[in-house]
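The values are calculated or read from the model by the stated rules, or taken from the named source; none is laboratory data. All values derive from a computational prediction rather than experimental measurement. With ideal geometry, Cβ positions are generated from the backbone for all residues, glycine too; neighbour counts draw on all protein chains shown. Only protein heavy atoms, including side chains, enter the accessible area calculation; ligands, DNA and RNA are left aside. Shrake-Rupley method; radii C 1.70, N 1.55, O 1.52, S 1.80 Å.
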Amino acid sequence: TRGRHDIRMWTEGRAVPSEEQWQRTVDALREALRLAPQDPELWEYLGLAYDIASRKFVPAGGWTVYTEFALIHYRQAAALRPTSPYSWAGVAVMKFRLDQLDEEFRQAFSSAMRLGPWEPGLQLIASDMGLAVWERLDPQLRDEVRENWRRTAVRQADRLAKLAISHGREGV
């Protein structure tokens, strides 16, 4: 429970982990996973923990081990709970960060949008990623991203517009 709480605090920006706090949280989640290895939520929380570490603790130079660990954990979460749009989004985001825009990325990205069409957080994740890699998407995935933008614009038009501007893609 404590590990989940810590991760929520960090992802919501209400706290910033030290390396020591982060390690304690990961150790607690790993112990919980030892007791419940088929719990997809634990796998997803470990993915989040490594995702946080990949942005907070990585020295300059492109070291990607935390991103790779996050990908491994998100893959397992998606395998155990294939209807979770956030697990699939985790896979897609890590593949994007590793610049691996392959078939696994495509399937994970598409699954995330298809399974969580009205999830506000997921809409923004997919919108941001779609804008970032727009020219590298095949026509079918572009259509899925456009549909995601239509849904996002219903309640989050301002945030979508800011994302488009930040990517220099106002015309898209």
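When the chain is treated as a GNM with alpha-carbon contacts under 10 Å, the residue of Gly90, Gly121, Gly13 showing the greatest mean-square fluctuation is Gly13. Count Lys and Arg as plus one, Asp and Glu as minus one, and take only other residues whose Cβ is under 12 Å from that of Asp51; the net charge is then +1.
Expressed as a whole percentage, what fraction of the accessible surface of the chain belongs to carbon and sulfur atoms when a 1.4 Å probe is rolled over the protein heavy atoms? Carbon and sulfur together cover 51 percent of it. For Arg146 and Arg34, FRET efficiency with R0 = 35 Å and r from the beta-carbon atoms, rounded to 0.05? Approximately 0.20, to the nearest 0.05.
Against the main long axis of the alpha-carbon atoms of the chain, helix 85-97 sits at an angle near 80°. Between Asp102 and Val58, the contour length at 0.36 nm per residue exceeds the Cα-Cα span by 13.4 nm. Computed over protein heavy atoms with a 1.4 Å probe, the accessible surface of the chain works out to 54 Å² per residue. Helix 2-11 and the longest principal axis of the Cα set of the chain meet at an angle near 30°. Between Arg136 and Gln21, the FRET efficiency from the beta-carbon distance, with R0 = 35 Å, is close to 0.40. One chain, two ends: Val154 and Glu68. Fully extended at 0.36 nm per residue, the span grows by 27.5 nm beyond their Cα-Cα distance.
Accessible area per residue (1.4 Å probe, heavy atoms of protein chains only) ranks Lys162, Lys95 as Lys162, Lys95, with the largest value leading.
Taking segment 113-131 and a reference point 7 angstrom along Cα→Cβ of Thr83, the backbone N atoms nearer than 17 Å belong to 113-119.
Note on Glu104: accessible area is roughly 60 Å² with a 1.4 Å probe, heavy atoms of protein only. Taken over the alpha carbons of segment 34-172 as equal point scatterers, the Debye sum produces base-10 log I(q)/I(0) values at 0.11, 0.13, 0.22 Å⁻¹ of -0.40, -0.56, -1.34.
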